[in-house]
Amino acid sequence: MRLLMIGLAAVLATVSVSLAFEIEDRVTSFTLENGMDVVVIEDHRAPVVVHMVWYKAGSADEQPGVSGVAHFLEHLLFKQTKTLEAGELSRVVAENGGSDNAFTSYDYTAYYQRVAADRLELMMRMEADRMVNLDIGPDDILTERDVIIEERNQRVETDPGSLFREQRNAALYLNHRYGVPIIGWRHEMENLDLEDALAYYRTYYAPNNATLVVAGDVDPSQVRQLAQTYYGVIPPNPDLQPRERPQEPPHTSPRRMTFKDPRVSQPYVMRSYLAPERDPGDQRKAAALTLFAEVLGGGQTSVLTQKLQFEKQVAVYTGAFYSGLSLDDSSFGLVIVPRPDVSLEEAEQALDQVVLDVLDAGIDPVQLARIKRQFKASDIYRMDSTEGLANSYGAALSSGLTLEDIHAWPDIIQSITPEDIIQTAKEVLDINASVTGYLLAQEETDQ
């Protein structure tokens, strides 16, 4: 069995390296004269194309007082333009056998269609149209504002965990806009108006603030020609400013919070630490934290699961969370859901002790090698999804990374040592840069 695993690891390593070269060979990039970046990912296995436009603007780029306007505008872009009726873009996509959608994050807003490859020109024509020709009025604002408020009702207000997460983020980020929910604070959403939406649109929806990602059965020269025809004629925004957001001051005190809600059926403890993100040319700390999260909380063989669920039997669930894909500082999180006979205080102490033990004893090299093999396998499987590749490139590029950073990431992950992980973890797990939250049911005496 051991020889089999060694052989499998060797095969995965060889395949992963060859696929890394293959994906780089399949990626073409260029920039239009108006500043729009274009990335083409060739995949000729099926006559399908994914067409995505990523704007380098999300909720963290909003002005104070209009939280939720980035997501609000995303909804409004499915309304009418000067040449398209409301809903026409989605209808045309569906009539051509495709699918479309959009999404907003802290750092970007993206719009995409997945259609037959010979419909690419049609997609570009319609998407380029709504980049500059949005034609909305007060009635559109009223109806769509009700829609996003109802979305907040369904996704946040009815879910204690989501309300808890909002409060934790607000406590973790003292000054940065990551502390404001993407969907917005309700009292500000209720006052969003036409001018708020158009101000955001006129500022950020411009070719020099966008990346076009086209993946699938396409030829780069064809994409270049179509992109120039439909996007290249759109003038850039000469007043677009660099993405300079308010940054965090030094954190010198730990924060603790308790969130009570009668709808909570399972209390738990969660702690979040400020953590560095993947920076251009500097991704090693993010890679170390990515692996550390897997060591601690990545499934049944992780340290927290083994120690707290199986050995000590104080928890029914444990986890560790980290995503380095953000423009500014991210967060590293730990969670423990205790057994019914274990208090939240006892669960927190047990969680802290296991983490301290790992920092003292170091990372098990066998476990780390297994995790790295899993990452290699994931890289291989990722190649099977054209839409997944388009998403991963668009999100990374919109978060400040370069193509070189994207292609270097798998090798950086494989190069991280146990010592790298422990050193980075000790830097990041600073209690003064953390928020510890308790989520529990509200007792009758508290009502």
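Annotations
- Of all residues making up the range 53-80, the number that are open to solvent by 10 Å² or more (accessible area, probe 1.4 Å) and of a type in the set (V, I, T): 1
- If the condition is being within 30 Å of V264 (Cα to Cα), open to solvent by 40 Å² or more (accessible area, probe 1.4 Å) and free of Cβ contacts under 8 Å to residues at least 24 places away in the same chain, then the range 171-211 contributes only H187.
- Condition met for S331 (within 30 Å of N101 (Cα to Cα), loosely packed, with under 15 Cβ neighbours inside 10 Å and not β-branched (V, I, T)): no
- Taken together, the residues in the range 91-101 that are open to solvent by 10 Å² or more (accessible area, probe 1.4 Å) and hydrophobic (A, V, I, L, M, F, W, C) amount to 2.
- Neighbours by Cβ (under 7 Å, 6+ apart or cross-chain): first from the range 343-364, aliphatic (A, V, I, L, M); second open to solvent by 50 Å² or more (accessible area, probe 1.4 Å): A350/K312; V354/K307; L359/K426
- A residue that is of a type in the set (F, W, Y), at pLDDT 95 or above and in contact with a helix residue (DSSP H, G or I) (Cβ under 9 Å, 6 or more places away or on another chain) cannot be found anywhere in the range 300-311.
- Each residue in the range 262-281 was checked for being of a type outside the set (K, R) and over 22 Å from D341 (Cβ atoms), and 9 of them qualify.
- Residue identified as in contact with a strand residue (DSSP E or B) (Cβ under 9 Å, 6 or more places away or on another chain), outside any helix (DSSP H, G or I) and under 20 Å from V132 (Cβ atoms) among V39, V53: V53
- Search result, residues across the range 93-104 that are over 15 Å from M124 (Cβ atoms) and part of a loop (DSSP other than H, G, I, E, B): G97
- Residue within the range 209-228 that is within 25 Å of the chain's Cα centre (by Cα), under 30 Å from L32 (Cα atoms) and in a helix (DSSP H, G or I) present: yes
- Within this structure, L325 passes the test of being surrounded by fewer than 22 Cβ atoms within 10 Å (Cβ to Cβ) and either touching a His at 6+ places or on another chain (Cβ under 7 Å) or in contact (Cβ under 8 Å) with a residue 40 or more places away in the chain (or both).
- Subset of the range 105-119 [surrounded by fewer than 22 Cβ atoms within 10 Å (Cβ to Cβ) and either of a type in the set (V, I, T) or in a helix (DSSP H, G or I) (or both)]: A117, D118, R119
- When residues of the range 123-162 are limited to those that are under 24 Å from the mean Cα position of the chain (by Cα) and outside any helix (DSSP H, G or I), the one surrounded by the fewest Cβ atoms within 10 Å (Cβ to Cβ): T158
- The residue that is farthest from G324 (Cα to Cα), counting only those in the range 386-402 that are in contact (Cβ under 8 Å) with a residue 40 or more places away in the chain and touching a helix residue (DSSP H, G or I) at 6+ places or on another chain (Cβ under 8 Å), is L389.
- In the range 300-312, residue most open to solvent (accessible area, probe 1.4 Å) [restricted to those that are in a helix (DSSP H, G or I) and of a type in the set (V, I, T)]: V303
- Filter result for the condition that a residue is among the hydrophobic types (A, V, I, L, M, F, W, C), surrounded by 15 or more Cβ atoms within 10 Å (Cβ to Cβ) and more than 24 Å from the chain's Cα centre (by Cα), over A286, A315, A293: A315
The values are calculated or read from the model by the stated rules, or taken from the named source; none is laboratory data. Since we're looking at a predicted model, the values are computed, not measured. Glycine also receives a Cβ, built like all others from the backbone with ideal geometry; neighbour counts cover every protein chain displayed. Heavy atoms of the whole protein, side chains included, go into the accessibility calculation; ligands, DNA and RNA do not. Shrake-Rupley method; radii C 1.70, N 1.55, O 1.52, S 1.80 Å.
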